[in-house]
Every structure is written in C-alpha cells, then in structure tokens.
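Asker: Below is the structure I would like to discuss, written out as structure tokens.
The values are calculated or read from the model by the stated rules, or taken from the named source; none is laboratory data. This is a predicted model, so every value here is computed, not measured. Methodologically, a virtual Cβ is constructed for each residue, glycine included, from the backbone with ideal geometry; neighbour enumeration extends over all protein chains shown. Surface accessibility is based on the protein's heavy atoms, side chains included, excluding ligands, DNA and RNA. Shrake-Rupley method; radii C 1.70, N 1.55, O 1.52, S 1.80 Å.
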Amino acid sequence: MAAGVLDRLRRIVGPAHVLTEQDDGDLSAWTLDWRRRYRGRALAVVRPGNTEEVAAVLAMASELGVAVVPQGGNTGLVGGGVPDASGTQMLLSMQRLNRIRGIDAANLTLTAEAGCILQAVQQAAEAAGLMFPLSLAAEGSCTIGGNLATNAGGTQVLRWGNARELCLGLEFVTSQGRIWHGLTGLRKDNTGYDLRDLFIGSEGTLGVITAATMKLAPQPAAVCTALVACADLPAAVALLELSRRMLGDGLSGFEVMNVLSRRLVARHFPNLPQPLSDASWSVLLEYSSSESEAHGQGRFETLLGAALERGIALDAVIAASLAQTRALWHLRESIPLAQAEEGPNIKHDISLPVSAVPSFVAECDAALQCGWPGVGVVDFGHLGDGNLHYNVQAPSGTPGSEFLRAHEKAINASVFDLVARHGGSFSAEHGIGALKRDELATRKDPVALALMRSIKSALDPLGILNPGRVL
Ligand code: FAD
Ligand code: ZN
C-alpha cells in the first residue's frame, strides 16, 4: 500500500515535495521534536504548496485511512507535531504555504498563509507602518499556523491577548479534504457557532489551518524597557499592580526570572551583558506609549521612581538604546535555550491567578525540596498573565535524563496537584500534544472531556488527524 500512497501523493504535490527516508535520508528535521524528547518516523514528509493541495492530500488520507500529522515550524514543546515511531503516519509540513496574501491597513488586518514564519508576519506588518503584536522566543522559526493551532501566548499577552485574540478569520481544511473559506476581517459576526475559536488551539486534531486573517495595531510612539530587581515574588506582584495602575493599557510586557534562570543564561551565554544579576527575582518591564518619546519616558521613570521609593523595587536599569532593549529581552529569551543546553529537565507551563502565584511558588518549592532534596527550579515567565515556566532540574551531579526517567511522573503529580489547589491550569500556553495527554484525561472536567470527544468524532470520524495527541 505504501508505494501506492506515495505515488498518489507525488501526483498531488509534485515528486520533489514527497520526502522519504529511503530516498532522502535523514528526516529528523521533521521527525524529531525541538526538545529532542520525541523521535518518530514518517511514512513520508509531504510538502503541499497551496490550500487545494492540502485538501487533496487530506481527501486521499481520509479515503485510505492514513494518519496525518500537521507541522509548522516544529518548535512545539509538547510533542504534538512529530509522527509516532510506527512509520505509518504522514508528516504534513506547511512550510511552503508561506505567502502574505494581503494587508488591509484601514481595517488593521493582515492575511497570511499558515506556513508563514511569525517573524515574517511581524516584518510585513512593520513594512506597512503597523505592528503584529504576537511575540515569542521561537518567532524566527515558528509559523502562524502553529501559533494558532497551539493558541500560542508569548510576551505581549497582557496587552494584546494570545493568538486566539489576534485572529479574526481562518481558512481551514477538514479531515475529509473540504475547505472552509472563513477568512473574514470582521470584528463582529454572530452567525452561528464560532468555528474559528473551535479550531484555534486544536493542535492539528480537528483539521489543518491553511491561512488566517490576523489583527494588526498601530506602532507605538515609544517603547520603554527596564530590568528591575525585586527582593521576592510578592514584591514582583506588587510591581505588577503598581505598573498597571500607573501605566494603564500601555503596560505591554511583564516577565519574571528567578536567580537560577539568570545563572543558567550566564553559564551558557557568557557574552550576554548581565545587569542586576544577583537579584532573587528580576522583572523585565515594557511600556508602549502612544504619546511622544519624551512623554513615554517621563511616565516610565515616574513609575520606577515610585517603585524604588516604596521598596517594591531594589534597583532598576532602563534601556537607553534599541541595542540595550534587545540585550535585555535577549536575557529573557535565552532561558529556554540555556535550559536546552543544560540538558533534560521537567518542564511545567502553568497558569494561576496572579494573586496566588507567590503562595503557590513558596509551597511548591518547599514540597519539591522535601521530596527531592537538591533539585533546582528554573522559574521564569509571563507573570503579567499569571503564567510561569516552572522547570525542575536534577540535583547537581545527577544526569538529567536519569532523573527524568525516575521522577518525572511523581514531580508532575506534586506540581499539578498544587496548581489545582491554587485554582490554576496545568497547561497555560504550550498545549497538550502527546506530553500532557494523560494529565488531560485525568485532570480535565469529565463533561468537558466528553464534549471534546464528541467534537473530535464529528469532525474527524476516522481519527486520522494527529491521532494520540490531545485526546
Ligand atoms: P509546530 O511545532 O510545528 O506544531 C505545533 C502543534 O500545532 C502540533 O500539534 C501540530 O500538529 C499543530 N500544527 C502546526 N501547524 C498546523 C496547521 N497549519 N494546522 C493545524 N495544526 C497545526 N509558546 C508559547 O505559547 N509562548 C511562548 O512564549 C513560547 N516560547 C517558546 C520558546 C522556544 C525557544 C520554543 C522552542 C518554543 C516556544 N513556544 C512558546 C512553543 C510554541 O508552541 C511554538 O513555538 C509555536 O506556537 C508552535 O509553532 P510551530 O509552527 O513551530 O508549530
Ligand atoms: Zn512562555
């Protein structure tokens, strides 16, 4: 059967765009995930060039019962975008659907194909004098389709919302190969069930996103950035409250990093400047002002003055140039890369009510030290959204992979139980994929799970789309 499938695929997308291990050798760029935790094998890597080809591939897969794993930039962190080890799943790479279809400046919208790299979308908006405000450390390689399929968050969520809130319309191919033309730029459209919101965050299990119409925003007149040292996490939360009060809607970034995350970056990227590196907690604060540069700077400095005066902040450095701004963001964005260099660790992407973050961290740190003395917690993330990346590292001297094998399950249970007790979620922005499927099955409300299964079987009755992921 495989040979017949490959022939039909070659006829649909062209022979150059069907890759197999046999003919093309190493396919690990598509079959090994970013964290190197999931190494699969693909029946073939199929690279359609337009929506009609995606539809034809899915119609064929549906007819023959071949499983399809959609993939964008392969930067996902939960093992949702790589095939399993069976060698029977087709990897559908969206990378060739990479055209910006148009920008409507008056409507503040941009329409892009799913395989457009996020950074290319940002640049296209910028070239039109506007801004696309989704931003994350993987933006040089993740795709807009992947961002929507995972409902990605990132560093601008507290001002602009996550990928879902930035999306107005979708073009989508169903498991049977039918195309839904939903590329609207409307802000209001109450015509029945909201399919767009159903497909966003569905992680390739309900169909394939081929294009999207996204919201743009005017570029700010001034962007002010500072790194602030705080004595502890309650002080960082107090700084968030004060910033919201004094900067209003202009507060566009509020990231925290504990001292261990800063040390890890210093170890693996020794050339990065490290201001305020001893702080127990550092806050990366960003303010985007629609007023003039001078007005923005004035408000920002008033806020930092008030924070220092009240003892909420211990120290602060304000970026004085674009290069300094980039260097401060680089510190924050290098943490996941430094962790990848350091070796395997147990990642938790959790969200909590902001008010509960300090008590959760205090209790969870204590519980971990009690159960697994010597573990390190690399704790950083988007405090403005109540979203922490609370990542646990093996005690020094213990190999990470060994520690993971022996303790990951029990550590996850410990962390996620405490998250639940504090009213939080065990997956804030990275999704479920393969990694958290069992957690979803045991921790999600049973009625919600039953409804999700009904939706899945209505939209993908043969179960060919990303099987074994999410549900
Ligand atoms: P992939 O990894 O290729 O796929 C992810 C999932 O989406 C898979 O389930 C796949 O099947 C599905 N999928 C992909 N494309 C489509 C499509 N067109 N149609 C249907 N399904 C599709 N995430 C955040 O939310 N916030 C962050 O701050 C953040 N920071 C990150 C930093 C680093 C260094 C890295 C490596 C990742 C980070 N991520 C972050 C993870 C995030 O999920 C991805 O970066 C991004 O959203 C995934 O896009 P992708 O194109 O790489 O998708
Ligand atoms: Zn994040």
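Asker: Looking at region 422-448, which of its residues are away from ligand 1 (no atom under 14 Å from the Cβ), assigned to a loop (DSSP other than H, G, I, E, B) and farther than 16 Å from S359 by Cβ? Show your work before the answer.
Answerer: Initial filter on region 422-448 (away from ligand 1 (no atom under 14 Å from the Cβ)): 422-424, 426, 438-439, 441-448.
This time we only want the ones that are assigned to a loop (DSSP other than H, G, I, E, B), so: 422-424, 426, 444-445.
Selection gives F426, K444, D445.
Asker: Just need a number here: residues in region 332-359 that are away from ligand 1 (no atom under 16 Å from the Cβ) and touching a Gly at 6+ places or on another chain (Cβ under 7 Å).
Answerer: Pass one, region 332-359, residues away from ligand 1 (no atom under 16 Å from the Cβ): 346, 352-359.
From the residues that got through so far, the ones that are touching a Gly at 6+ places or on another chain (Cβ under 7 Å) too are 352-354, 356-357.
Here the count works out to 5.
Asker: Output the residue which, of all residues in region 180-205 that are among the β-branched types (V, I, T) and more than 13 Å from ligand 1 (Cβ to nearest atom), is least open to solvent (accessible area, probe 1.4 Å).
Answerer: Once the filter is applied, the top-ranked residue is T184.
Asker: Something else now. Check off (1) closer than 30 Å to G169 by Cβ; (2) under 25 Å from the mean Cα position of the chain (by Cα) for L260 and give me the number that stays unchecked.
Answerer: Of the numbered conditions (1) closer than 30 Å to G169 by Cβ; (2) under 25 Å from the mean Cα position of the chain (by Cα), the odd one out for L260 is (1).
Asker: Can we say L158 is out of contact with any strand residue (DSSP E or B) (no Cβ under 8 Å at 6 or more places or on another chain), within 16 Å of ligand 2 (Cβ to nearest atom), modelled with pLDDT under 95 and within 26 Å of G384 (Cβ to Cβ)?
Answerer: Values: out of contact with any strand residue (DSSP E or B) (no Cβ under 8 Å at 6 or more places or on another chain): no; within 16 Å of ligand 2 (Cβ to nearest atom): yes; modelled with pLDDT under 95: yes; within 26 Å of G384 (Cβ to Cβ): yes.
When the stated conditions are applied, L158 does not pass them.
Asker: Pairs please, first residue from region 55-77 and within 18 Å of R41 (Cβ to Cβ) and more than 15 Å from ligand 1 (Cβ to nearest atom), second anywhere and open to solvent by 40 Å² or more (accessible area, probe 1.4 Å) and among the β-branched types (V, I, T), Cβ atoms under 9 Å, 6+ apart in sequence or on different chains.
Answerer: These pairs meet every condition: V66/T88.
Asker: Another question about this same structure. If I ask for residues that are of a type outside the set (A, V, I, L, M) and modelled with pLDDT under 95, which ones from region 312-323 would you list? First the steps, then the outcome.
Answerer: First pass over region 312-323, keeping only residues of a type outside the set (A, V, I, L, M): 315, 321.
Correct list: S321 only.
Asker: Okay, next question. Quick one: how many residues across region 383-421 are more than 14 Å from D349 (Cα to Cα), open to solvent by less than 30 Å² (accessible area, probe 1.4 Å), touching a residue at least 24 places away in the same chain (Cβ under 8 Å) and not in a helix (DSSP H, G or I)?
Answerer: 2
Asker: Among (1) under 11 Å from the mean Cα position of the chain (by Cα); (2) away from ligand 1 (no atom under 13 Å from the Cβ), where does G153 come up short?
Answerer: That leaves (2) as the condition not met.
Asker: OK, next. Just the residues that are more than 21 Å from A112 (Cα to Cα) and surrounded by 17 or more Cβ atoms within 10 Å (Cβ to Cβ), please, taken from region 38-56.
Answerer: Initially, region 38-56 is screened for residues more than 21 Å from A112 (Cα to Cα), giving 38-45.
The answer is Y38, G40, R41, A42, L43, A44, V45.
Asker: Output the residues belonging to region 1-38 that are under 26 Å from G433 (Cα atoms) and of a type in the set (K, R).
Answerer: R35, R36, R37
Asker: So which residues in region 212-224 are open to solvent by 40 Å² or more (accessible area, probe 1.4 Å) and either part of a strand (DSSP E or B) or under 30 Å from G146 (Cβ atoms) (or both)? Steps first, please.
Answerer: Of all residues in region 212-224, those open to solvent by 40 Å² or more (accessible area, probe 1.4 Å) come to 215, 218-221, 223.
Answer for region 212-224, where residues must be open to solvent by 40 Å² or more (accessible area, probe 1.4 Å) and either part of a strand (DSSP E or B) or under 30 Å from G146 (Cβ atoms) (or both): K215, P218, Q219, P220, V223.
Asker: Go through region 364-375 and report how many residues are open to solvent by 10 Å² or more (accessible area, probe 1.4 Å), assigned to a helix (DSSP H, G or I) and over 26 Å from G253 (Cα atoms).
Answerer: Within region 364-375, residues that are open to solvent by 10 Å² or more (accessible area, probe 1.4 Å), assigned to a helix (DSSP H, G or I) and over 26 Å from G253 (Cα atoms) number 5.
Asker: For the list (1) among the charged types (D, E, K, R); (2) under 30 Å from R99 (Cα atoms); (3) in contact with a helix residue (DSSP H, G or I) (Cβ under 8 Å, 6 or more places away or on another chain), I need the number of the one condition that D189 fails.
Answerer: (3)
Asker: Can I ask one more? Restricting to region 110-146, give me the number of residues that are within 16 Å of ligand 2 (Cβ to nearest atom), open to solvent by 20 Å² or more (accessible area, probe 1.4 Å) and of a type outside the set (A, V, I, L, M). Talk me through it step by step, then tell me what you get.
Answerer: Here is the first cut: in region 110-146, the residues within 16 Å of ligand 2 (Cβ to nearest atom) are 118, 133-142, 146.
Within this subset, residues satisfying the condition of being open to solvent by 20 Å² or more (accessible area, probe 1.4 Å) are 135-141, 146.
Now narrow it down to the ones that are of a type outside the set (A, V, I, L, M): 135, 139-141, 146.
So the count comes out to 5.
Asker: Then there's this: Please indicate, with yes or no, whether at least one residue in region 275-287 is touching a helix residue (DSSP H, G or I) at 6+ places or on another chain (Cβ under 7 Å), open to solvent by 30 Å² or more (accessible area, probe 1.4 Å) and either in contact (Cβ under 8 Å) with a residue 60 or more places away in the chain or among the polar types (S, T, N, Q) (or both).
Answerer: yes
Asker: Out of the strands (runs of 3 or more DSSP E) lying entirely within region 225-336, which hold 1 or more residues that are more than 25 Å from G153 (Cβ to Cβ) and touching a Leu at 6+ places or on another chain (Cβ under 6 Å)? I'd like the intermediate steps shown before the answer.
Answerer: Values: elements: 251-258, 281-289, 315-318.
Of the strands (runs of 3 or more DSSP E) lying wholly inside region 225-336, those with at least 1 residues that are more than 25 Å from G153 (Cβ to Cβ) and touching a Leu at 6+ places or on another chain (Cβ under 6 Å) span 315-318.
Asker: Out of the residues in region 325-363 meeting the condition of being surrounded by 17 or more Cβ atoms within 10 Å (Cβ to Cβ) and polar (S, T, N, Q), tell me which one is nearest to ligand 2 (Cβ to nearest atom).
Answerer: Among residues in region 325-363 that are surrounded by 17 or more Cβ atoms within 10 Å (Cβ to Cβ) and polar (S, T, N, Q), the one nearest to ligand 2 (Cβ to nearest atom) is S351.
Asker: Sticking with this one: On the given criteria, is V378 open to solvent by less than 20 Å² (accessible area, probe 1.4 Å), touching a strand residue (DSSP E or B) at 6+ places or on another chain (Cβ under 6 Å), of a type in the set (A, V, I, L, M) and more than 13 Å from ligand 1 (Cβ to nearest atom)? Quick ask: steps written out before the conclusion?
Answerer: Working: open to solvent by less than 20 Å² (accessible area, probe 1.4 Å): yes; touching a strand residue (DSSP E or B) at 6+ places or on another chain (Cβ under 6 Å): yes; of a type in the set (A, V, I, L, M): yes; more than 13 Å from ligand 1 (Cβ to nearest atom): yes.
Answer is yes for this residue.
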